[in-house]
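First up is the structure itself, then whatever we jot down about it.
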Amino acid sequence: RMVRQGDRKYRVFFIEDVTTLRQAERSLSGESRAGIHSRDPQMLRAIELIEQVAQSDASVLIQGESGTGKGMLARLLHDSSLRARKPLVEVNCAAIPENLWEAEFFGAAKGAYTGAVGDRIGRFAAADGGTLFLDEISELSKPHQAKLLKVLEEQSFEPIGSMKTRKVDVRGVAATNQGLKAAVERGDFRADLFYRLNVIPVHVPPLRERRSDIILLAEYFLAKFGGRNARKLGSQVKHLLLDYPWPGNVRELRNIMEYTSICATGNEVELADLPQDFVERVQKNQIGQGQASAGPLDEERDALINLLQKHANNRSAVARELGIDRVTLWRRMTRLGLSNVSEV
């Protein structure tokens, strides 16, 4: 407002910190943050922790099952940080061949190896000033874990075939669908790298533990894919969705709703509008629950067995339906005691 003092005018500004108020509003309303829709207290705490630590340069380790939204939290962290104007470079550690790992991460000078016709920029150089998101960090081999730790600590490296040290300023954010602490205890993951990454641990709960989000997300995806022709969920469909353990988490729910938005004919989604194999899986799961009380792991195991039976043990087909890769499916089968199932 304007204030007059004698012949002079002054403009007075009032500044109020509304951070706490905004956090409370999000907790009550389930407001979307960077495309993350949730009213679940666990998920909201994870989002608030991400926003709280975004302004620092501390390393963050995001742990949760495949399809829960770890990548979206990593993007929220970057977008909320002071590095938002710089690149966010995402890399799936499980998808890089062993013999190309160093070239992918550190780059290579011209002529460093056969086919290197020019200088190649690595992921660390591409992320300079920004954030490097290391997804499926648990899949790194022990030698590569040591090299990664050295670069994260020193913020410098030498590209392959070059004697010149390259300095970078990179924030490391990692994600895994495995318990890294247990991997450290087994000797599969370096303890020093674990503690370097685990400065700020963030746990992302699976969808089966976020029951208040199932209908919220289903309706959001219907609206997203349906546009002006978005349909509503019928009561039977809502009960069906709530009775399913969702082994593929939010990614699986998204795929089901995309199918439904295309194939439904009426204004309200009915059971006949859902993929019939999905309806059968849920109904079988309901019958099993009526016979015995199963825990979350039992439910996840039964759902995966049904998928394997549906696809005649074709793991590639199962992985495609769940929206995950074969390596992630194999790890899940091992955790659930299904690794001895023969593939056709």
Within the stretch 59-93, restricting to residues that are open to solvent by less than 10 Å² (accessible area, probe 1.4 Å) and in a helix (DSSP H, G or I), the one that is nearest to His144 (Cα to Cα) is Cys93
Out of Lys284, Lys310, sole residue that is surrounded by 14 or more Cβ atoms within 10 Å (Cβ to Cβ), farther than 18 Å from Glu65 by Cβ and at pLDDT below 80 = Lys284
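Condition (residue is modelled with pLDDT of 90 or more, more than 28 Å from Met72 (Cβ to Cβ) and outside any loop (DSSP other than H, G, I, E, B)) applied to the stretch 137-145: is it met by at least one residue? First the steps, then the outcome.
The first filter runs over the stretch 137-145 and keeps only residues modelled with pLDDT of 90 or more, leaving 137-145.
With more than 28 Å from Met72 (Cβ to Cβ) added as a condition, the list becomes 142-143.
Then drop every residue that is not outside any loop (DSSP other than H, G, I, E, B), which leaves 142-143.
So far as the stretch 137-145 goes, yes, one or more of its residues are modelled with pLDDT of 90 or more, more than 28 Å from Met72 (Cβ to Cβ) and outside any loop (DSSP other than H, G, I, E, B).
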Among the candidates Ala94, Ala109, Ala182, which residue alone is in contact with a Pro (Cβ under 8 Å, 6 or more places away or on another chain) and either modelled with pLDDT of 90 or more or small (Gly, Ala, Ser) (or both)?
-> Ala109
For the stretch 185-196, indicate whether the set of residues that are more than 20 Å from Pro143 (Cα to Cα) and open to solvent by 40 Å² or more (accessible area, probe 1.4 Å) is non-empty.
-> no
Going through the stretch 119-136 in order, the residues found to be out of contact with any helix residue (DSSP H, G or I) (no Cβ under 7 Å at 6 or more places or on another chain), open to solvent by 30 Å² or more (accessible area, probe 1.4 Å) and either at pLDDT below 90 or more than 29 Å from Asp188 (Cβ to Cβ) (or both) are Asp119, Ile121, Asp128
Report, by residue number, each residue of the stretch 268-284 that is touching a Gly at 6+ places or on another chain (Cβ under 6 Å) and in contact (Cβ under 8 Å) with a residue 40 or more places away in the chain.
-> Val269
State all residues of the stretch 211-239 that are farther than 18 Å from His37 by Cα and open to solvent by 10 Å² or more (accessible area, probe 1.4 Å); if no residue qualifies, say none.
-> Arg228, Asn229, Arg231, Ser235, Gln236, His239
Somewhere in the stretch 20-41, is a residue open to solvent by less than 90 Å² (accessible area, probe 1.4 Å), assigned to a helix (DSSP H, G or I) and at pLDDT 90 or above?
-> yes
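Considering only the stretch 264-276, state which residues are part of a helix (DSSP H, G or I) and touching a helix residue (DSSP H, G or I) at 6+ places or on another chain (Cβ under 6 Å). Spell out how you get there, then give the answer.
Pass one, the stretch 264-276, residues part of a helix (DSSP H, G or I): 271-273, 276.
Listed by number, the residues that qualify are Leu271, Asp273.
The values are calculated or read from the model by the stated rules, or taken from the named source; none is laboratory data. Keep in mind the model is a prediction, meaning the values are calculated, not measured. All Cβ positions, even for glycine, are placed from backbone atoms using ideal geometry, and neighbour counts span all protein chains on display. Side chains included, ligands, DNA and RNA excluded: accessible areas come from the protein's heavy atoms. Shrake-Rupley method; radii C 1.70, N 1.55, O 1.52, S 1.80 Å.
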